[in-house]
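Engineer: Dumping the structure here so I can ask a few things about it.
The values are calculated or read from the model by the stated rules, or taken from the named source; none is laboratory data. Predicted, not measured: the structure shown is a model, and the values here were computed from it. Every residue, glycine as well, gets a Cβ built from its backbone with ideal geometry; the counts of neighbours run over all protein chains shown. When the accessible area is computed, the model is the full protein with side chains, heavy atoms only, and any ligands, DNA or RNA have been set aside. Shrake-Rupley method; radii C 1.70, N 1.55, O 1.52, S 1.80 Å.
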Amino acid sequence: MAGTTLKIGKREFSSRLLVGTGKYSTFVVMEQALEASGAEIVTVAIRRLDLSDPKKESLLDHIDRNKYVILPNTAACYTADDAIRIARMARAMGLSDMVKLEVIGDEKTLMPDTEALLSATKVLVKEGFVVMPYTNDDPIMAKKLEDAGAACVMPLASPIGSGMGILNTVNIRFIKEAVKVPVIVDAGVGTASDAAIAMELGVDGVLMNTGIAGAKDAVEMARAMKLAVEAGRLAFLSGRIPKKEYASPSSPAEGIVK
C-alpha cells in the first residue's frame, strides 16, 4: 500500500480498506470477498449475531481471526446506553476493545444522533475502548469526538447503503483539516470511483459493506474497491495537476519550427 500505514490507536494496518460482513448471499461469498478486498479489519454487527445456540453456525465461524481483526459495531443502536451495552458485550465475548460506535437517530435516513454519539464516546474511552465513531460530515462534531478521545472519526459520504458516493467533498476536506486522528469515510460508497475520490481527498481510509456485498459480483467488486483505494491513495500522495479553465498543450511550444 502506498504511503505510511494506517494507525488506529496503538495498532498499524497495511490496508486502508475496511469492510463489513453483512448482506452477502452466502458465507462462502463473504469469505471470498474478504480475501479479494485485501482488508485487515472487518466489521461485525453484534446485535445481528445469533448467540442463542453456541453450536449453531455463526458469522464468526467464517472469519479467520489469524487473518482479520474483528471490529465489532453497534449497528441498530438508537441510544447511547444501548450502544455502550453492545460495546461492552463485544469485549466480554473476547472480540476486541476496538469498537465502531454507531448511535442512529432516525429510522428512515439512518443518520447518526451525534449528541448521543459524543456521550457514548466519552464513556467508552474512559473504559479503555478504542472508539471509532460513525458520524455525519460535520467538522465541528469531528473535532469534538477527537477531543473526547476517539481514535479516529468516520464521517458518512452519504446515507448508509445509498451508494450515492461523496455528496459533500468540501466538508470531508474540512474534517481532514480539523482533526489530527485518522479520517475514515464510512457509508454511501457505491462503486470503485467513489472510493478513489474519497482517497484522493486525503482521507486515511474507507469503510464499506453494501457497495461490495450488494454488487452483482461481490468478489470482483471487492477486488475493484481494493485497487481503487490504493490508486486514490497513490494519486493523493503524488499530487494532482491544478485544474485550469483553458487548454494547456502537452508538448511545449518552444523549439517548434514554423
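Engineer: Where does the chain land at 222 nm, in deg cm²/dmol rounded to the nearest 500, when only DSSP H runs of n ≥ 4 count, each adding -39500 (n - 2.57), divided by all residues?
Structural biologist: Calculated at 222 nm, the ellipticity per residue is -10500 deg cm²/dmol.
Engineer: When Lys and Arg each count +1 and Asp and Glu each count -1, what net charge do the other residues less than 12 Å away from Leu95, Cβ to Cβ, add up to?
Structural biologist: +3
Engineer: Please list 129-138, 22-31, 173-182, 74-83 highest first by mean number of surrounding beta-carbon atoms within 10 Å per residue.
Structural biologist: The densest-packed peptide leads the list: 129-138, 74-83, 173-182, 22-31.
Engineer: Next question. Can you pick out the pairs among Lys10/Lys100; Lys67/Lys126; Lys100/Lys122 whose Cα atoms lie more than 18 Å from each other?
Structural biologist: Values: Lys10/Lys100 16 Å; Lys67/Lys126 29 Å; Lys100/Lys122 14 Å.
In this structure, Lys67/Lys126 lie more than 18 Å apart at Cα.
Engineer: I would also like to ask the following. If you take the Cα Rg of segment 79-169 and divide it by 2.2 N^0.38 Å, with N the number of residues, what do you get?
Structural biologist: Computed over Cα atoms of segment 79-169, the ratio equals 1.06.
Engineer: Highest mean first, how do 62-73, 187-198 rank when packing is the count of other Cβ atoms within 10 Å averaged over residues?
Structural biologist: Highest mean packing first, the order is 187-198, 62-73.
Engineer: A follow-up question, please. Just to confirm a number: summing +1 for Lys and Arg and -1 for Asp and Glu over residues other than Val179 whose beta-carbon lies under 14 angstrom from that of Val179, what do you get?
Structural biologist: In short, 0.
Engineer: Keeping all protein chains in place, calculate the accessible area per residue for segment 195-250 (probe 1.4 angstrom), answer in Å².
Structural biologist: With the other protein chains kept in place, segment 195-250 gives 58 Å² per residue.
Engineer: Ordering Glu107, Glu220, Glu40 by how much accessible area each has at a 1.4 Å probe, largest first, what is the list?
Structural biologist: The residues order as Glu107, Glu220, Glu40, largest area first.
Engineer: OK, next. Would you list, by chain and number, the lysines whose Cα falls below 18 Å from the Cα of Lys216, excluding same-chain residues fewer than 8 positions away?
Structural biologist: Lys23, Lys226
Engineer: OK, next. What accessible area per residue, rounded to a whole number of Å², is obtained for segment 103-150 using a probe radius of 1.4 Å? Working shown, then result.
Structural biologist: Working: 2190 Å² over 48 residues.
That works out to 46 Å² for each residue.
Engineer: Starting from the Cα of Lys23, step 7 Å toward the Cβ, then list every residue of segment 70-90 with an amide N under 20 Å from that point.
Structural biologist: So the set is 71-78.
Engineer: Taking the Cα centre of each part, how many Å lie between segment 28-51 and segment 185-258?
Structural biologist: After rounding, the separation between the Cα centres reads 25 Å.
Engineer: For Met132, what charge total do you get from the other residues with a beta carbon under 13 Å from its beta carbon, if Lys and Arg give +1 and Asp and Glu give -1? Spell out each step's value before the answer.
Structural biologist: Working: positive: Lys7, Arg11, Lys100; negative: Asp97, Glu102, Glu146, Asp186, Asp204.
Every neighbour counted, the sum reads -2.
Engineer: Then there is this: Give the Rg/Rh ratio for segment 152-258, taking Rg as the radius of gyration of the Cα atoms and Rh as the Kirkwood radius, to two decimals.
Structural biologist: 1.13
Engineer: Something else now. Using a 10 angstrom cutoff on alpha carbons, build the Gaussian network for the chain and name the most mobile of Ile86, Ile241, Ile212.
Structural biologist: Ile241
Engineer: When the Cα atoms of the chain are enclosed in a convex hull and the volume is divided per residue, what value in Å³ results? Walk me through the numbers before you get to the answer.
Structural biologist: Values: hull volume 39.3 nm³, N = 258.
Measuring per residue, one finds 152 Å³ for the Cα hull of the chain.
Engineer: R0 = 22 Å: FRET efficiency of Leu167 with Glu107, Cβ-based, nearest 0.05?
Structural biologist: With a Förster radius of 22 Å, E is 0.60.
Engineer: How far is it, in nm, from the label point at Ala92 to the one at Glu220 when both lie 7 Å from their Cα along the line to the Cβ?
Structural biologist: The modelled label-to-label distance comes out at 4.6 nm.
Engineer: Quick check: residue separation of Lys244 and Leu49 times 0.36 nm, minus the Cα distance between them. What number comes out in nm?
Structural biologist: 65.0 nm
Engineer: For the pair Lys67/Leu237, report the inter-label distance in nm, with labels modelled 7 Å from Cα in the Cβ direction.
Structural biologist: 2.5 nm
Engineer: Right, here's the next one. Restricting things to alpha carbons, find the Rg to Rh ratio for segment 114-160 using the Kirkwood radius for Rh.
Structural biologist: Dividing the radius of gyration by the Kirkwood radius yields 0.95.
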